[in-house]
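Engineer: Encoded as structure tokens, here's the structure I'll be asking about.
Where a number appears in this text, it was derived from the coordinates with a stated rule and is not lab data. On a predicted model such as this, the values are computed, not experimentally measured, just so you know. FYI the Cβ positions are ideal-geometry reconstructions off the backbone, even for glycines, and counts take in every protein chain you see.
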Amino acid sequence: MELCNIPLQAAIWFAVIGLPVTAGNALGFALCAVLLVEGAAYWMAKLRQLATGSAVLPAARAFAAARLVNVPLLAAGVLLTAWYAKSTPGSVPGVLFALFAVLEHVNYFHTQLMYDTREDRRYRREHGLRRAHLARDLARAAQLRRRAAGVRGNPPSRTRRSTP
């Protein structure tokens with residue numbers, strides 16, 4: 001679904017609605033597209049994991065790297081689109097696209113923000129926000145890697161505890 005949304009959304013926003021294709025709007029949209037590609041890749045990997053019965057999400061390390069790389073990429077993108085919006089007429093939508101990309105990052109890598117089924121909405125009412133599926137899969141992969149390396153539980157804290 002995410003991969004289909006990239007050309008569909010581009011057509012809607014730039015061809016049908018007629019947003020100007022400024023550098024700021026293109027950058028903001030590109031940030032959204034990157035996050036949608038990551039989301040599509042995750043769901044394809046998840047389907048592969050379910051089909052093979054693997055305990056670990058395929059390409060978990062790549063997703064963990066993307067989670068880290070996205071933060072400075074999105075921060076720079078939001079700042080740059082804001083600069084374009086200030087200096088280039090018609091570029092405000094680029095900022096909105098960039099902010100939507102930030103929300104997609106949160107939705108995929110941290111906390112589920114999309115609750116579109118009745119079961120999802122019931123869960124949210126009763127338990128609050130839930131951890132994103134990808135975040136859970138990355139935590140599971142890290143735990144299995146630690147276990148395979150002979151480390152149990154969370155790694156020890158590097159700070160010294162004072163005794164009472």
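Engineer: Tell me the relative contact order for the chain as a rounded percent, counting alpha carbon contacts under 8 Å between residues six or more apart.
Structural biologist: Value for the chain: 25 percent.
Engineer: For residue 130, enumerate residues with amide H under 5 Å from its amide H, sequence gap 5+ or separate chain, H modeled in the peptide plane.
Structural biologist: The answer is 112.
Engineer: What does the convex hull of the alpha-carbon atoms of the chain project to on average, in nm²?
Structural biologist: Mean projected area for the chain: 14.5 nm², to one decimal.
Engineer: Which residues among segment 104-134 fall inside the zone where the amide N is under 18 Å from a point 7 Å beyond the Cα of residue 48, along Cα→Cβ?
Structural biologist: 134
Engineer: Right, another one. State, to one decimal in nm, how far the label point of residue 21 lies from the label point of residue 68, with both points 7 Å from Cα in the Cβ direction.
Structural biologist: Going from the residue 21 label point to the residue 68 one covers 3.6 nm.
Engineer: Determine the distance separating the Cα centre of segment 95-131 from the Cα centre of segment 1-64; give it in Å without decimals.
Structural biologist: 16
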